[in-house]
Amino acid sequence: MPWTGARDRGRAAIGAAIAAVCIFAVLLARAEFSVWVLLAGLVAVALAWLWPSASSREDRREGKPPATPPLLPSASVFPDPVILVDRRLVVTGANEAARAILPGLKERQPLAFALRSPEILDAIPAVAASGEPARVEVPGRSGHEQTWEVRIRRLASGGATTLGEPAVALFFRDLTDHRRLETMRVDFIANVSHELRTPLASLSGFIDTLKGPARDDPKARERFLDIMQVQAQRMTRLIDDLLQLSRVELKEHVPPTSLVDLGQTVAHMVEVMAPLARERGVELALDLPAEPILILGDRDELLRLVENLVENAIKYGGPGKAVEIVVGRSSAAGSEGERVELSVRDHGPGIPPEHLPRLTERFYRVDVAESRTQGGTGLGLAIVKHIVGRHRGRLAIESTPGQGATFRALFPPAP
Ligand code: ADP
């Protein structure tokens with residue numbers, strides 16, 4: 001049992017009673033005797049205060065290790081770690097979440113034995129003394145990527161507690177996901193700004209040239225206007241893809257409910273892409289089953305998905321090669337069960353394996369210059385991933401460098 005506040009108060013009462021008896025004796029006794037009585041009284045009071053409680057003496061005799069902090073009565077209402085300490089930074093309580101992140105946490109042991117963060121340890125006495133709450137951020141034990149926010153508050157009675165009584169509470173909150181999202185947001189804005197700045201700089205450079213040195217040069221003017229048009233189209237594509245991405249992300253948690261024939265949707269988009277394929281000398285080979293292949297889907301999104309995959313295969317597969325597009329049913333091994341599958345296969349240079357896991361990240365490209373030359377924005381596969389996700393499907397990318405790449409979108413069939 002810890003030294004509780006009630007136990008301390010009990011001992012104080014005993015001490016006070018002994019002191020009162022002694023003073024009474026002094027008043028009644030002779031002068032020399034009264035000095036001895038006074039001394040005995042003082043010793044009794046000191047012993048009453050300093051003598052450890054019976055239970056803690058027992059603990060010590062039996063060599064018991066310090067107990068694990070008891071669960072706070074309201075532990076279940078705190079999903080995040082909470083630790084209580086007395087004003088000397090000795091642990092008086094903790095919840096399960098706190099023990100999970102600090103396995104070394106022991107009751108009646110200094111907090112510093114389990115938590116070696118000078119920021120937190122320095123802040124606690126200041127909070128206990130002033131009552132002014134504090135907030136610190138510390139890295140987690142699992143590495144610098146993890147961040148904890150610790151809010152330190154003095155308890156209501158914290159200003160006047162005895163040792164062993166909880167005086168200060170520490171509330172922990174894991175900020176890792178929050179920080180990661182923040183970093184993603186900042187990176188995203190930096191990427192968008194960079195992607196827009198390049199064509200904008202080029203446009204304003206050509207405008208200056210057209211207003212100045214090339215003003216009276218019709219040939220140069222034609223050439224510059226062509227380049228400006230390409231740059232403007234690039235910005236338009238980027239903005240279209242950004243809008244598309246944000247629309248898909250917004251709807252991602254609402255599964256589509258319309259019945260869509262995937263085969264017919266793919267056939268329509270392949271027709272739309274035929275001129276581009278012809279222009280690049282690529283043959284599009286489409287393989288569809290005779291019967292409709294129905295899934296619960298959003299037709300517009302599925303058209304975008306097919307467009308992105310087929311366009312990539314045409315762009316990166318290289319001229320003179322075929323692109324095979326197949327729609328069918330696959331009974332995948334394992335728990336996945338029957339799936340409706342769209343696969344787009346090209347015979348281009350393929351993708352080195354180290355890039356495969358990151359291909360669906362926004363703005364991730366294997367070769368930035370090649371993507372720009374092809375008019376890419378780096379957002380196509382991110383859009384595809386979100387569309388597949390909204391349709392409760394899965395995107396699989398397989399590639400052997402030198403032997404092309406296969407992108408497969410697998411969907412649950414319509415019930
Ligand atoms: P982009 O607009 O650059 O094409 P995507 O998100 O569609 O952006 O694709 C990301 C990157 O993945 C591309 O820049 C390219 O490097 C690579 N990639 C996509 N499809 C293929 C493919 N069929 N063959 C080889 N590389 C590909």
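When the alpha carbon coordinates of segment 226-361 are projected onto the principal axes, the ranges are 50, 37, 33 Å, largest first.
How fast does segment 107-241 diffuse by Stokes-Einstein, in µm²/s, taking the Kirkwood radius from C-alpha pairs at 25 °C and 0.890 mPa s? My calculation gives 121 µm²/s for D. Selection among Gln264, Gly402, Pro415 by position relative to the dipole of segment 261-415 gives Gly402 as farthest towards the positive end (Cβ unit charges, Cα centre). Normalised by 2.2 N^0.38 Å, where N is the number of residues, the alpha-carbon radius of gyration of segment 290-407 equals 1.07.
In segment 171-218, Rg over Rh equals 1.49, where Rg is the alpha-carbon radius of gyration and Rh the Kirkwood radius from pairwise Cα distances. Between Gln146 and Gly140, the built amide H atoms are under 5 Å apart, and every one of these is 5 or more places off in sequence or on another chain. Computed over segment 193-282, the quotient of the alpha carbon radius of gyration and 2.2 N^0.38 Å is 1.64.
Coordinate-derived values only; no laboratory data. Quantities reported herein were computed from a predicted structural model and do not represent experimental measurements. Because the Cβ atoms are built from the backbone with ideal geometry, glycine has one as well, and the counts that use them run over all protein chains shown.
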